[in-house]
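In what follows, a structure is listed as structure tokens, so that the remarks can point back to it.
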Amino acid sequence: MRPTRLRAALARALSVLYGTEVPAYTTLVEVCEQINAEALERLGEQTERLGTIERVTAERHGAIRVGTPEEMAQVGRVFGACGMQPVGFYDLREATPPVPVVSTAFRPVDRAELASNPFRVFTSMLVVDDRRFFDERTEAQLRERLDARSLFPTELLVLADRMEADGALSAHDADRFLELATSSFALSEEPVDRAWYEQLEIISSVAADIGGVTTTHINHLTPRVLDIDGLYRRMQDRGITMIDRIQGPPAAPVDVLLRQTSFRALDEPRTFREPDGSITTGHLRVRFGEVEARAVALTPQGRALHDAEGITALPSTEAELDAQDLAYFTRTADGALEPIVYEDFLPKSAAGIFASNLTSDGTADGSQRGSRRDATWLQEQLGRPLHDPYDLYEAERSAGR
Ligand code: OOG
Ligand code: NI
């Protein structure tokens, strides 16, 4: 099996897993499929300019969270086997409310690969030495626990490296890879150390979700929808409470970038180890359901204008966006514009998504010094190239004109 098929198979396996763990996800996927079919009916081929119905129907992004650079590098190997490369650097410590993580997204980088299966995973890593969040003692406790755990079995990493080296795995090895990878992202039944989890939760619920447990899990798995306003209404009609708004640029004459919304997950039963050693059952609320709509990618100038002045500052036709070099397009043989879809994330929406899912804003001491983290640092930790999203859009545009 080749990386492309392995990626599609992993996306499907995780979708089945997450559907059994979070039943409301299955409702969300059903509603997305209805809305997409209706949009195709209503608008015809026009809707497929941003991706074929096959691509959009299969399209998912996952979100996972890890604790250390070593764990991040291992995630890079597992997704690398599936033809997913790290793209972009997001610093959520600067967000409102601040979250003590830095992130990247693993995804295919070629248009043909994206068309075959665009599975992407937003991956966040805890910054344990950031004094705005963690004092020296908490950092030491975190390090001790994170260093003692392993998120991925060695057998999985060996298979991942073999796939990256050879470009193929036998059917038997591919099955084993899928089984091990999928179970690495399942919610663990291991008891949660109550006192430690609560100690971290005061600082940040994301820190507790990462460092307070011994495994990682899919936080959410997000389908793509062609009409997110329609979906938002339909979900509410079905009695599912959505967050109060859709994140990202509002609907416009030319939709741009990425719009996302989510529903709050219900309490999930978890096992706890109490301070007296007894095992109890309780609940945690860390996972939720998200859905997204994707549109044309903006150039750095387009993005700067959008971020400073909002969507209304952008021209209202594709031709003008192209002429002013504000968004990315290729041209068909007869000269028509084809939008290049935005394949990445928005730090502001990501912060909103994190926040919609927090039990509290946590505590950050702004007078303390942050620790330096940037794309160069992350690339070094990953030990593989970290792509700049703009380079990828630019290359695709130059190749397609
Ligand atoms: C990731 C939040 C960001 C998105 O779609 O912007 C994200 C997380 O909650 O771990 O998934
Ligand atoms: Ni997400």
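Summary table
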read-out	value
Segment 261-281 - residue that is part of a strand (DSSP E or B) and either of a type in the set (D, E, K, R) or surrounded by 15 or more Cβ atoms within 10 Å (Cβ to Cβ) (or both) and, of those, nearest to ligand 2 (Cβ to nearest atom)	S262
Among residues of segment 41-56, those that are part of a helix (DSSP H, G or I) and surrounded by fewer than 18 Cβ atoms within 10 Å (Cβ to Cβ), counted	11
Subset of segment 87-115 [touching a residue at least 40 places away in the same chain (Cβ under 8 Å), out of contact with any Leu (no Cβ under 8 Å at 6 or more places or on another chain), of a type outside the set (G, A, S) and over 24 Å from D361 (Cβ atoms)]	R111, E113, L114
Some residue of segment 252-261 being acidic (D, E) and in contact with a Pro (Cβ under 9 Å, 6 or more places away or on another chain)	yes
The one condition in (1) over 27 Å from H283 (Cβ atoms); (2) surrounded by fewer than 21 Cβ atoms within 10 Å (Cβ to Cβ) that V256 fails to fulfil	(2)
Given (1) hydrophobic (A, V, I, L, M, F, W, C); (2) within 16 Å of ligand 2 (Cβ to nearest atom); (3) at pLDDT 95 or above, number of the condition L231 does not satisfy	(3)
Check on G62, small (G, A, S), part of a loop (DSSP other than H, G, I, E, B) and in contact with a Leu (Cβ under 8 Å, 6 or more places away or on another chain)	no
Residue within segment 321-331 that is closer than 25 Å to A251 by Cα, more than 16 Å from ligand 1 (Cβ to nearest atom), assigned to a helix (DSSP H, G or I) and out of contact with any Phe, Trp or Tyr (no Cβ under 9 Å at 6 or more places or on another chain) present	yes
Matching residues, segment 94-113, being at pLDDT 95 or above and either under 19 Å from A63 (Cβ atoms) or among the hydroxyl-bearing types (S, T, Y) (or both)	P100, V101, V102, S103, T104, A105, F106, R107, P108
Given (1) surrounded by fewer than 16 Cβ atoms within 10 Å (Cβ to Cβ); (2) under 26 Å from R120 (Cα atoms), index of the condition G310 fails	(2)
Some residue of segment 82-96 being assigned to a loop (DSSP other than H, G, I, E, B), touching a Gly at 6+ places or on another chain (Cβ under 6 Å) and surrounded by 22 or more Cβ atoms within 10 Å (Cβ to Cβ)	no
Residue in segment 57-64 that is in contact (Cβ under 8 Å) with a residue 12 or more places away in the chain, at negative phi and away from ligand 1 (no atom under 14 Å from the Cβ) present	yes
Complete set of residues in segment 182-241 that are more than 15 Å from ligand 1 (Cβ to nearest atom) and of a type in the set (D, E, K, R)	E189, E190, D193, R194, E198, E201, D227, D229, R233, R234, D237, R238
G335, sole failed condition from (1) among the small types (G, A, S); (2) part of a loop (DSSP other than H, G, I, E, B); (3) at pLDDT 95 or above	(3)
Among the candidates D307, D322, residue that is of a type outside the set (V, I, T) and modelled with pLDDT of 95 or more	D322
Residue ranges of helices (runs of 4 or more DSSP H) in segment 345-401 with at least 1 members at pLDDT 95 or above, surrounded by 14 or more Cβ atoms within 10 Å (Cβ to Cβ) and among the acidic types (D, E)	389-399
One residue from A11, A37 being part of a helix (DSSP H, G or I), of a type in the set (A, V, I, L, M) and surrounded by fewer than 16 Cβ atoms within 10 Å (Cβ to Cβ)	A37
Unique residue being within 16 Å of ligand 2 (Cβ to nearest atom) and of a type in the set (V, I, T) when the list is V296, V286	V286
Segment 237-251: number of residues that are away from ligand 2 (no atom under 14 Å from the Cβ) and either under 21 Å from the mean Cα position of the chain (by Cα) or surrounded by 15 or more Cβ atoms within 10 Å (Cβ to Cβ) (or both)	6
Residue satisfying condition, being hydroxyl-bearing (S, T, Y) and touching a Pro at 6+ places or on another chain (Cβ under 7 Å), within set T280, T271	T271
Scan of segment 251-260 for residues that are part of a strand (DSSP E or B) and closer than 13 Å to K348 by Cα, ordered by number	L258, R259, Q260
Selection count, segment 197-243, where residues are small (G, A, S) and either in contact with a Pro (Cβ under 9 Å, 6 or more places away or on another chain) or more than 19 Å from L266 (Cβ to Cβ) (or both)	5
Long-range neighbours under 7 Å by Cβ, at least six apart or interchain, first residue within 13 Å of T330 (Cα to Cα) within segment 387-401, second in a helix (DSSP H, G or I)	E396/R111
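The values are calculated or read from the model by the stated rules, or taken from the named source; none is laboratory data. Quick caveat, the model's predicted, so the values are computed rather than measured. Neighbour counts run over all protein chains shown; Cβ positions are idealised from the backbone, glycine included.
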